[in-house]
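Have a look at the structure below, then the notes.
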Amino acid sequence: MATASPTDPSRHGVGIGLRWEFIDDLLERIAVGRISKKDIPFFEFAPENYLRRGGFIPEALDRVGEHFPLVSHGLHLSLGSVAPFPSEYMRDLRAILAHVAAPWHSDHLCFSGVDGRSLHDLLPLPQTDGAVLHVARRIREARERLERPMAIENISWYLRAGAPELDEPDFIANVLEEADCGLLLDVNNVYVNSLNHGFDAREWLERIDVTRIWQLHVAGHEWRASEGLIIDTHGQDVSDPVYELLRSTVARTGPVAVVLERDSNIGDLDTLLAERRQLQAAYDAGIAVYEAAHAVERARA
Amino acid sequence: MPWSVPVREPSADDLTRLAAVQRTLQRLVMRASDQDFGGLSLDDAADAELHEADRTALLEGGSARLGIYRRLVRATFIDTLRSEVPMTAGQLGARYAPEVHAFCNEELPRSPVLRDVAFEFVAWATPRWATDASLRPWLGDLARFELLEFDTHCGVRGTDVKTVAELPADRPLVFDGTCRIGRFDYAVHELPDDESPLSEPRAERHGMFLYRDPGNRVRRIVLTPVAAAIMTELLVGGRALADAVRIGTAAEGCTLNTAVIEGISVILEDLATRGALLGSTDSPPPRGHALWTSLVTATRVPSGI
């Protein structure tokens, strides 16, 4: 039995990742009442960008948090690393999560460095039983030290990190079970991996226990001829297949927090809001399927 | 928080195997060359601990694939550093990316906070640049100055230290959390903010005190070398006021006289007016020190220190 999702209706629907590129515009709109939760239900922020920081940036986060619910999504817990968590980092992270009253915290199912080095990227873990037990222990430790429920995100990966004993859905399922945590399911990452590694994204997604899904991510990707791979750049519009995977996933999960991630070629806030509305339509279509299926179930009952 | 499933722990062998994979991947990122990744070999200490099955799996994607995280990681650093030290990157020109690559080959960042990487890079690079005759001698000053401004911009306002308004000579002073100080040999702060490769700053030893005003603007105060030495002892060294004046003056080979005391008094009064100096610590003074305030009230002539 999975730990109940800590999500609440205020964070259902499609939110946007908070970025500097549009923060001035956003604050101006907040100041004059030209944006509200009707336009965007919530924002996701990366706490590492606010650690040990004063001035305009954290003040802006506070201002946004006064008007919109926030969810936190971390970049550098390095949950799979064999190195211990840095104490100062964990202390600062706990403080900011408490400051914004984050309902849960998520980070990636990966490692980002070892032996005191920080690569600031998401490197894959070997899909082995040993790695499952190690990362699950680390997730439990993080939950204790951060004093918040934890969710993990499936990553895009470009290199097989050792000989697998499990395939990716089983690896993730086992981590979720051992750690008793939530899943931040990045639909775009599943799609990118399916193209790079040759599997069916829908079949992959159907093997995920929807009761573990606390949040979804969607983003854009691009083909890099130099690498011969699709790279998860977060720099393009969300592709049509990812829209469809979002719709079919929400049809299984029901109401859930979805975040549009955009980290390069961000454009202006109006453009992002327009893409958000398109994603919200896909989300609503998925919810309609979910509601219809549950109405049938209720009628049978 | 109770677990809903029994907790199982990884074995020592599990961790050894996992660590070998992680060290190997990290060493691939640190490789100096983007070529010859097929040479994942038993000669490498980290590789040597790899399970044979893991080595085979890593090599399955082909040698070019082994370099992908090297390229992704370094591209992130090159972009991030350029955003924090843009004028330095502009002055380095075609040398910029190779310098970041050299940092990755030899060191790699340690902080889990991405914006710290520029500080780690500059701390690593400036001794190299100082001995490289092909680079401008003030490049290190420029990089440190850019970071000092950036750091001031990010500083957390206020203090957790209890303060009193008086400034007795035997106590450390308490500054706002946004205050920073640096010492430079060139007036790099006068360079035009346009990354022009032809600009040359004046050679002039000086200090720069920075803080952020209530409107979050970074403010600069240029200091003479002796004033910078004293203020460094106060702000960075956390020394008591009298000790900071004595040590800072001696370090600059100056005589501690009324002019020095007058000058530093003017600076401190100015900083207090600006809200950058909050007071002194409220810990009880140890014995044997004359009160700074009595020295200040005895002399009134501002000096040019």
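Computed from the coordinates by the stated procedures, all read-outs in this text should not be read as laboratory data. Nothing here was measured: the structure is a model prediction, and the numbers come from that model. Neighbour counts run over all protein chains shown; Cβ positions are idealised from the backbone, glycine included.
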Chain A: most fluctuating residue of A:Leu246, A:Leu159, A:Leu176 per GNM, C-alpha cutoff 10 Å: A:Leu159
Amide hydrogen neighbours beyond the local backbone of B:Tyr186, cut-off 5 Å, H modeled: B:Glu204
Under-5 Å amide H pairs with A:Val256, H placed in peptide plane, nonlocal only: A:Gly13
Cα→Cβ-extended label distance, 7 Å offset, between A:Lys37 and B:Val236, nm: 4.9
Translational diffusion of chain A, µm² s⁻¹ [Kirkwood Rh, Cα pairs; Stokes-Einstein; 37 °C; 0.692 mPa s]: 166
Sorted largest first, extent of the range A:125-255 alpha carbons per principal axis (Å): 41, 37, 26
Spin-label pair A:Ile266/A:His67, simplified geometry with 7 Å Cα→Cβ offset, distance in nm: 1.6
Label point at A:Asp240 placed 7 Å out along Cα→Cβ; residues across the range A:180-216 whose backbone nitrogen lies under 18 Å: A:188, A:191-192, A:195, A:201-202
Under the Karplus curve 6.51 cos²θ - 1.76 cosθ + 1.60, θ = phi - 60°, whole-Hz ³J(HN,Hα) for the range B:151-166, x wherever Gly or Pro sits: 5, 5, 4, 8, x, 8, 5, x, 7, 8, 7, 6, 10, 10, 6, 5
CD proxy at 222 nm, helix term only [per DSSP H run n ≥ 4: -39500 (n - 2.57); per residue of chain A; nearest 500]: -13500 deg cm²/dmol
J(HN,Hα) series, the range A:60-70, from Karplus relation 6.51 cos²θ - 1.76 cosθ + 1.60, nearest Hz, glycine and proline x: 5, 4, 4, 5, 5, x, 6, 10, 9, x, 10
Amide H partners (placed H, <5 Å) of B:Gly155, local residues excluded: A:Gly54
Distance in nm between pseudo-label sites at B:Glu190 and B:Asp13 (7 Å out along the Cβ direction from Cα): 7.0
Antiparallel %, DSSP beta bridges [both residues in the protein assembly as shown], to 5: 45
R0 of 30 Å, Cβ-Cβ distance B:Glu60-A:Glu177: FRET efficiency to nearest 0.05: 0.60
Reciprocal mean inverse distance between Cα atoms of the protein assembly as shown - Kirkwood radius, Å: 27.0
FRET efficiency for A:Arg277 and A:Ser10, using Cβ-Cβ distance with R0 set to 22 Å, rounded to 0.05: 0.70
In sequence order, calculated HN-Hα J values of the range A:117-124 (Karplus, 6.51, -1.76, 1.60; Hz; x Gly/Pro): 9, 10, 8, 6, 8, 10, 9, x
Environment charge of B:Phe150, counting only residues whose C-beta is closer than 12 Å and scoring Lys/Arg +1, Asp/Glu -1: 0
Compactness of the range A:64-176 - radius of gyration and Dmax, Cα, Å: 14.5, 48
Estimated FRET transfer efficiency (B:Asp213, B:Ala75; beta-carbon r; R0 30 Å; 0.05): 0.25
Shape parameters for the range B:11-135, alpha-carbon atoms, Rg then Dmax in Å: 16.8, 54
Local electrostatic count, A:Leu245, Cβ distance below 13 Å [Lys/Arg +1, Asp/Glu -1]: -3
Partner chain coverage, peptide A:159-167 - average Cβ within 10 angstrom: 6
Cα centroid separation - the range A:45-78 against the range A:116-180, whole Å: 24
Trypsin sites (Lys or Arg not before Pro) within the range B:108-164: DSSP coil, no more than 15 neighbouring Cβ in 10 Å: B:Arg110, B:Lys162
Exposure proxy ranking, count of Cβ atoms within 10 Å, fewest first, for B:Thr131, B:Thr76: B:Thr131, B:Thr76
